[in-house]
Amino acid sequence: MLRINHRLLNMASVREQVTRAASSFFEKPLNFVDGVRVDASQPTHSFVVEEPATGKQLCKCPSSGQEDVNKAVQSAREAFKSWSQLSGLDRGRLLQKAALKLRERQEEFARMESVDQGKPLWESRFDIETVIDGLEYFAGLAPSITGDHLPLQGGSFGIVKREPLGVCVGIGPWNYPVQMAGWKSAPALACGNTMVYKPSQFTPITTVMLAELYIEVGIPKGVFNVVQGEGETGRFLTCHPGVDKVSFTGSVPTGKKVMADCALGIKHVTLELGGKSPLLIFADADMENAVKGAMMANFLTQGEVCCNGTRVFVERSIKDEFVEKLVSKTKGMKIGDPTKDGTMMGAVISKEHKEKVLNYVQGAKKQGAKVLCGGDSFKPDDPALSGGYYMTPCILDQVEDHMTVAKEEIFGPVLSLFTFDTEEEAVRRANDSEFGLAAGVFTK
Ligand code: NAD
């Protein structure tokens, strides 16, 4: 009996611990410029940051203005002078140190990510692991970056030298906050660039933690700066003449704007945008594996994943068996407190986003799709979570290719089922999408 009480006490204290850690984190400002956390000096306005699991306000954050962006870009330009002159080996050593430090602090980062994003702790731990992978990978690559030597006519030769671009901007979405910051900064820094990063206004925390960690391991001030803000702050960055490259991850409509702004300044730009990816399941697939795959491709991070396989095409002869297993497993998913071990699905990012996802389900019903399970608002038993943004994972059957849910990115836990008879048909319908991001096939 005593042991059970002790365990309950520990379980309760994880939420208490993370809430305390989050509130003390917000005691200092969230912009990180020239190696320190600073207040935005000329914010355009402020926005509210909430904890998706409880709906409670975490902080009010100033949205950085032009002057704040100027300072961050200036800091990165200054740091570029010496950072770009280090050898790849030296830069790699520092990134390797960052990877080691992040491993030490993995749990702390993961907890904060779950508070900020709403995804289960086990997923956040995995996200941090992927940042460590990225840092280690690019740390290893940094010393091996070489050029080319091209022999030309008459003993002449050409040299191809790889040089850093300068100041790179990273703009991130809210579904993988620290992973995006890590995956964008590791290659940029390894190659000798410096960076100004703007996380999503919904998830500002862990990027600042990463910036502090970089300083802690000896990466010089100004090499990685963070400005907080909404779209307007993003535009100050993409339009800034002191920026040489923009790496953007987010939705297609915003991606188009970012690309247009970069074109005006003839800046290098990389876009990672949305998707409506297909998942093909053939009759010879390993059934258990295919069911697990379909669930992972739809309900990880509450379905808020760009490369999710949200259009699940199943060969007619195995459809009934597949659907029965899929629905039964999906109904058994544990939804609730992201900071609790055992939770399989946490809270979606915001009230507005939850409504948007639920509206997609209603729209699908009106267009003739059948809800096999989920697609409803959900209230966990714990009263502390009553204001959180929870919904049940949804499976839609009888979805047709022309329906809205088959065409648009929902970015929530909604799986659409389709039936096919031949491989040619499956491939043709799978490719009939204006998105192009990922695809999955289950077959032997
Ligand atoms: P979003 O496009 O609304 O916002 C992304 C970022 O852009 C945010 O930081 C936002 O503040 C900023 N922004 C908004 N307007 C801007 C502007 N005019 N100029 C510059 N920056 C601006 O996307 P989101 O809702 O945060 O994220 C979800 C989307 O991201 C989904 O479509 C998802 O598929 C996509 N995504 C893609 C990948 C990938 O690797 N392809 C990964 C994760 C998410």
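What shape does the stretch 153-269 take by its C-alpha gyration tensor, where a ≥ b ≥ c are the square roots of the eigenvalues and a/c under 1.5 counts as rounded, a/b above b/c as prolate, and the rest as oblate? Oblate, because a/c is 1.5 or more while a/b does not exceed b/c. In the calculated pair-distance distribution of the stretch 14-272, the portion above 27 angstrom amounts to 35 percent of the Cα-Cα pairs. Averaged per residue, the chain has 45 square angstrom of accessible surface, using a 1.4 angstrom probe with ligands and nucleic acids left out.
Pairs with C-alpha atoms separated by more than 25 Å, drawn from the list K407/K444; K56/K379; K101/K276; K331/K370; K60/K97, are K407/K444; K101/K276; K60/K97.
Starting from the Cα of L271, step 7 Å toward the Cβ, then list every residue of the stretch 414-444 with an amide N under 12 Å from that point. Under cut-off, by backbone N: 435-436.
Taking the average, over residues, of other Cβ atoms within 10 Å as the packing measure, peptides 293-299, 314-320 rank 293-299, 314-320 from highest down. Once C-alpha pairs closer than 8 Å and six or more residues apart are averaged by separation and normalised to the residue number of the chain, the relative contact order reads 17 percent.
Inter-label distance, E129 to S41: 4.4 nm, where each label sits 7 Å from its Cα along the C-beta direction. Under 5 Å between amide hydrogens, built in the peptide plane, is the criterion, and for V33 it picks out V38, V226 among residues at least 5 positions away or on other chains. Computed from the Cβ-Cβ distance with R0 of 56 Å, the FRET efficiency linking D90 to R316 stands at 0.40. FRET efficiency for the pair Q57 and T422, taken as 1/(1 + (r/R0)^6) with r the Cβ-Cβ distance and R0 = 41 Å, rounds to 0.15. Remark: the stretch 14-272 carries a charge dipole of roughly 340 debye about the Cα centre, counting +1 on each Lys and Arg Cβ and -1 on each Asp and Glu Cβ.
Site pair D401 and Y137 shows an inter-label distance of 3.4 nm when each label is modelled 7 Å from Cα along Cα→Cβ. Taken one residue at a time, the phi angles of the stretch 307-324 give Karplus couplings (6.51, -1.76, 1.60, θ = phi - 60°) of 9, 4, x, 7, 9, 9, 8, 10, 5, 3, 5, 10, 4, 4, 5, 4, 5, 4 Hz. Gly and Pro are set to x. Using the Cβ-Cβ distance between D376 and A21 with R0 = 35 Å, the FRET efficiency computed as 1/(1 + (r/R0)^6) comes to roughly 0.60. Would you work out which of L300, L396, Y137 lies farthest towards the positive end of the dipole of the chain? Charges go on Cβ: Lys and Arg +1, Asp and Glu -1. It is Y137. Here the spin labels are modelled as points 7 Å beyond Cα on the Cα-Cβ line, and at S328 and E355 they lie 3.9 nm apart. Simple rule: put +1 on each Lys or Arg Cβ and -1 on each Asp or Glu Cβ in the stretch 14-272, find the dipole, and look at A260, G158, G172; the Cα lying farthest toward the positive end is G158. Dipole size of the stretch 244-339 about its Cα centre, with +1 on Lys/Arg Cβ and -1 on Asp/Glu Cβ: approximately 320 debye, rounded to the nearest 20.
Less than 17 Å apart at the alpha-carbon level, and either on another chain or at least 8 residues along: which lysines does that give for K81? Within the straight-line limit of under 17 Å, K81 reaches these lysines: K71, K221, K245.
For the stretch 278-442, the dipole from Cβ point charges (+1 on Lys and Arg, -1 on Asp and Glu) about the Cα centre works out to 560 debye, to the nearest 20.
Starting from the Cα of K256, step 7 Å toward the Cβ, then list every residue of the stretch 386-410 with an amide N under 18 Å from that point. Answer for the stretch 386-410: 407-410. Residue ranges 74-87, 220-233, 159-172 sort as 220-233, 159-172, 74-87 when ordered by packing (mean number of other C-beta atoms within 10 Å per residue, highest first). Return the tail of the calculated pair distribution for the chain, meaning the percent of Cα-Cα pairs more than 33 Å apart. Looking at the chain, the distances longer than 33 Å represent 41 percent of pairs.
Counting only protein heavy atoms and a probe of 1.4 Å, the accessible surface of the chain is 55% carbon and sulfur.
The values are calculated or read from the model by the stated rules, or taken from the named source; none is laboratory data. Keep in mind that this is a model prediction, so the values were computed, not measured. Cβ sites come from the backbone with ideal geometry, for glycine too, and all protein chains shown count toward neighbours. Remember, those area values only see protein heavy atoms, side chains included, never the ligands or the DNA or RNA. Shrake-Rupley method; radii C 1.70, N 1.55, O 1.52, S 1.80 Å.
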